[in-house]
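The values are calculated or read from the model by the stated rules, or taken from the named source; none is laboratory data. Note that the structure is a prediction, hence the values are computed from the model and not measured. Quick reminder, even Gly has a Cβ in these numbers, built from the backbone with ideal geometry, and neighbours come from all protein chains shown.
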Ligand code: SF4
């Protein structure tokens, strides 16, 4: 694996056209060592910390099987409309104080338009003005190109839209929108001048080929930030009884994403609870970015603890 890591550092890029099974068969320790080497050589030592706020929660029309906020699932998730600007602004300032460099409003729902879109634009404008050092990201579903442009003008620089899994497996997870809708949204965000953050969730029943295909697709689309979530089964969703992935499986997924996406932010989102020490091992296996604080509907880890853990393994901060 050391040789493959060196080749990637020198410019080789893996694609779905080649046999990627070496990544599945390799000794896990060696695979992670190679991924860490690629990360250090091509991304350096800066860790990227981001934080999200659930700006509009629950009652979503879509039927994503993993999600607590889908109206098709019977969970006890909180339900509320678009948050007041003052709350969004206050939380943004709090995140900056904690040393978090990116902040995103995330909203439940197929898309966002009308009054809520206007409120979001106003909130982004205010945050951009009050905290110009904070990098603003947005995640509002399948938003139209012109509205994406308006978000960009309001100060948003990156748009988040997860592909969730592979194209083959996606219809097993959601049928109210398609994989093609997701890829089109990536294209629209780019057209609007936004960078793209897109990843997915593992442990939903997909196989290793799905994971390789998803990593290769995100490489082909040159996605600059890839959030990786490891399913925390939620009671009341169709995936509530899914067996959690093992630590070995999670580490292999993280390392594979680094080999295929050598210069991207490989961002660990939900699922660090499956590891000790805030998931330290993941940041020695190719990951270099983290969603810190609370997740949308599950509890995350404390930012100060994350910064300390990352500093211990040689990371610096933006
Ligand atoms: S993942 Fe998003 S689109 Fe899917 S059900 Fe949840 S909130 Fe709705």
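Structure above, values below:
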item	result
Verdict on residue 3 being modelled with pLDDT under 95, part of a helix (DSSP H, G or I) and away from the ligand (no atom under 12 Å from the Cβ)	yes
Selected residue (only one of 95, 47 is within 23 Å of residue 124 (Cβ to Cβ) and within 21 Å of the chain's Cα centre (by Cα))	95
Among the residues listed as 189, 215, the single one being within 18 Å of residue 109 (Cβ to Cβ) and either within 15 Å of the ligand (Cβ to nearest atom) or crowded, with 21+ Cβ neighbours inside 10 Å (or both)	189
Tabulated pairs, the stretch 159-177, first under 20 Å from residue 107 (Cβ atoms), second away from the ligand (no atom under 14 Å from the Cβ) and in a loop (DSSP other than H, G, I, E, B), C-beta under 7 angstrom, 6+ apart or interchain	159/194
Contacts under 6 angstrom Cβ, first residue in the stretch 8-19 being under 21 Å from residue 42 (Cα atoms), partner part of a loop (DSSP other than H, G, I, E, B), 6 or more apart	8/262
Those residues of the stretch 45-58 which are free of Cβ contacts under 8 Å to residues at least 60 places away in the same chain and more than 9 Å from the ligand (Cβ to nearest atom), in sequence order	53
Residue check, residue 66 in contact with a helix residue (DSSP H, G or I) (Cβ under 6 Å, 6 or more places away or on another chain), within 16 Å of the ligand (Cβ to nearest atom) and modelled with pLDDT under 95	no
Spans of strands (runs of 3 or more DSSP E) in the stretch 71-179 with at least 3 residues surrounded by 15 or more Cβ atoms within 10 Å (Cβ to Cβ) and within 16 Å of the ligand (Cβ to nearest atom)	102-107, 135-139
One residue from 26, 35 being buried (at least 19 other Cβ atoms within 10 Å of the Cβ), out of contact with any strand residue (DSSP E or B) (no Cβ under 6 Å at 6 or more places or on another chain) and modelled with pLDDT of 95 or more	35
Residue match in the stretch 184-193 (condition: touching a strand residue (DSSP E or B) at 6+ places or on another chain (Cβ under 6 Å) and part of a helix (DSSP H, G or I))	yes
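Condition check ((1) farther than 17 Å from residue 256 by Cα; (2) surrounded by 13 or more Cβ atoms within 10 Å (Cβ to Cβ)) across all residues:
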| residue | (1), (2) |
| --- | --- |
| 1 | no, yes |
| 6 | no, yes |
| 11 | no, no |
| 17 | no, no |
| 20 | no, yes |
| 49 | yes, yes |
| 53 | yes, yes |
| 56 | yes, yes |
| 59 | yes, yes |
